[in-house]
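Visitor: Here's a structure for you.
The values are calculated or read from the model by the stated rules, or taken from the named source; none is laboratory data. Just so it is clear, the model here is predicted, and its values are computed rather than measured. Note that each Cβ is placed from the backbone with ideal geometry, even for glycine, and that neighbours are counted across all protein chains shown. For the accessible areas, the whole protein counts, side chains as well, though only heavy atoms, and no ligand, DNA or RNA atoms are used. Shrake-Rupley method; radii C 1.70, N 1.55, O 1.52, S 1.80 Å.
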Amino acid sequence: MKTLYPDQYDQWYTNLADFTCAGGESIRYLQQRVNNTIQKIVKANPGKTLLIGTHATPIRVMGCIWHRIPLQDILTLNWVPNASYSTIDYDCDTLEFELINYAVCSHLEEKNLLTELPKNI
């Protein structure tokens with residue numbers, strides 16, 4: 001990837017908050033879209049426990065919201081391991097939330113199933 005797309009590769013690793021895939025959406029727009037979708041799902045399911053599955057980048061952009069850090073600081077969040085889970089308690093009326101846990105993977109470590117990307121991603 002670095003040889004094919006050197007500028008995009010460098011931006012992904014240095015300024016992810018302002019990154020836009022060629023022909024795709026920006027990370028800022030992704031965060032807005034995913035947050036709006038989660039809020040819509042929460043509002044439509046009062047009193048229910050929900051499971052929402054997705055890829056690492058949507059979880060990571062939401063991690064900025066859940067940790068209450070600006071998107072510009074996304075690179076300070078560790079990449080979420082495959083098959084990890086996060087627990088967020090939302091109030092379906094106000095959409096206020098409490099982050100209970102983030103990127104938990106202890107259930108994978110016990111069975112030697114943990115897969116991780118290199119630390120520099």
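Visitor: Got a number for carbon plus sulfur as a percent of the chain's accessible area, 1.4 Å probe?
Guide: Carbon and sulfur: 52 percent of the exposed surface of the chain.
Visitor: In Å², what does the accessible area per residue of the chain work out to with a 1.4 Å probe?
Guide: 68 Å²
Visitor: Place a +1 charge on the Cβ of each Lys and Arg in the chain and a -1 charge on the Cβ of each Asp and Glu, then give the dipole magnitude about the Cα centre in debye, rounded to the nearest 20.
Guide: 240 debye
Visitor: Moving on to the next point. Could you list which residues have their amide H under 5 Å from that of ILE88, counting only those 5 or more apart in sequence or on another chain, with H placed in the peptide plane?
Guide: ILE100
Visitor: With the contact rule set at Cα under 8 Å and sequence spacing of 6 or more, what percent relative contact order holds for the chain?
Guide: 22 percent
Visitor: Here's a follow-up. Give me P(r) over region 36-107, computed from all C-alpha to C-alpha distances, binned every 5 Å, as integer percentages.
Guide: Answer for region 36-107: a P(r) of 3, 15, 27, 25, 19, 8, 2 percent.
Visitor: Still on this model: What does the chain give for Rg and for Dmax, in Å, if only its C-alpha atoms count?
Guide: When restricted to the Cα atoms of the chain, Rg and Dmax are 15.6, 50 Å.
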